[in-house]
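Comments concern the structure below.
Since every read-out is calculated from the coordinates, none of them should be taken as a lab result. On a predicted model such as this, the values are computed, not experimentally measured, just so you know. Cβ atoms come from the backbone with ideal geometry, glycine included; neighbour counts cover every protein chain shown.
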Amino acid sequence: MSAAFSLRPAAPEDVGTLLRLIRALAEYERLAHEVHATEADLATALFGTPSRAGALIAEVVEEAVGFALWFYTFSTFTGRPGLYLEDIYVAPEHRGRGIGRAVFRHLARLAEAGGCARIEWSVLDWNKPALRFYAGLGAEPMSDWTVQRVSGPRLALLAR
């Protein structure tokens, strides 16, 4: 029988653990070269004033095996906030135990309590296991939309 898991809000002392899990996610997604976040960045975003995001830690026998990090958005069409899940990760050896579903249930409760109209997130199109998991949650792909991004030197140029 596998050990039970628990979910808890991230605390300031978790930023190193969160960064380790973020790097593990980036490795899985083949995007390790894009991780530039530091512990200081995470501490400011999650625990500064104002905080810009929230995070949840999933633990098995007091070992962090997953996380979720989110922030709030706003929909002009619904006139209500939304919860945007920036990242969710469960270590491969701990998948299939209900941790991911529990994280989404927790986020759904936060969204409802906060008057949110929806939860949204992005997923890489090659990540078939994640796509199947999300479909099982009732998620619907937004096939008519594409993600757009301006960053780095282009962001600096646009800001001028």
**Request:** Would you check which residues across the stretch 102-159 are under 19 Å from residue 66 (Cα atoms), in contact with a Leu (Cβ under 8 Å, 6 or more places away or on another chain) and assigned to a helix (DSSP H, G or I) and list them?
**Result:** 102, 103, 104, 106, 107, 110, 130
**Request:** Among the candidates 53, 58, 24, single out the residue that is in contact with a strand residue (DSSP E or B) (Cβ under 8 Å, 6 or more places away or on another chain), more than 13 Å from residue 69 (Cα to Cα) and hydrophobic (A, V, I, L, M, F, W, C).
**Result:** 24
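Residues checked against (1) surrounded by fewer than 16 Cβ atoms within 10 Å (Cβ to Cβ); (2) under 16 Å from the mean Cα position of the chain (by Cα); (3) without any contact (Cβ under 8 Å) to a residue 12 or more places away in the chain:
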site: 76; (1), (2), (3): yes, no, yes
site: 84; (1), (2), (3): no, yes, no
site: 99; (1), (2), (3): no, yes, no
site: 105; (1), (2), (3): yes, yes, yes
site: 109; (1), (2), (3): yes, yes, yes
site: 118; (1), (2), (3): yes, yes, no
site: 132; (1), (2), (3): yes, no, yes
**Message:** Could you check the stretch 71-101 and list, in sequence order, the residues that are assigned to a helix (DSSP H, G or I) and under 15 Å from residue 134 (Cβ atoms)?
**Reply:** 99, 100, 101
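If a residue has to be touching a residue at least 60 places away in the same chain (Cβ under 8 Å) and among the hydroxyl-bearing types (Ser, Thr, Tyr) to count, how many in the stretch 1-14 make the cut?
So the answer is 1.
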**Request:** Could you please find all residues in the stretch 15-34 being over 14 Å from the mean Cα position of the chain (by Cα), farther than 19 Å from residue 46 by Cα and either touching a residue at least 40 places away in the same chain (Cβ under 8 Å) or crowded, with 17+ Cβ neighbours inside 10 Å (or both)?
**Result:** 28
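Does residue 66 meet the test of being outside any loop (DSSP other than H, G, I, E, B) and of a type outside the set (D, E, K, R)? Explain how you work it out, then say what you get.
Working: outside any loop (DSSP other than H, G, I, E, B): yes; of a type outside the set (D, E, K, R): yes.
Judged against the criteria, residue 66 is a match.
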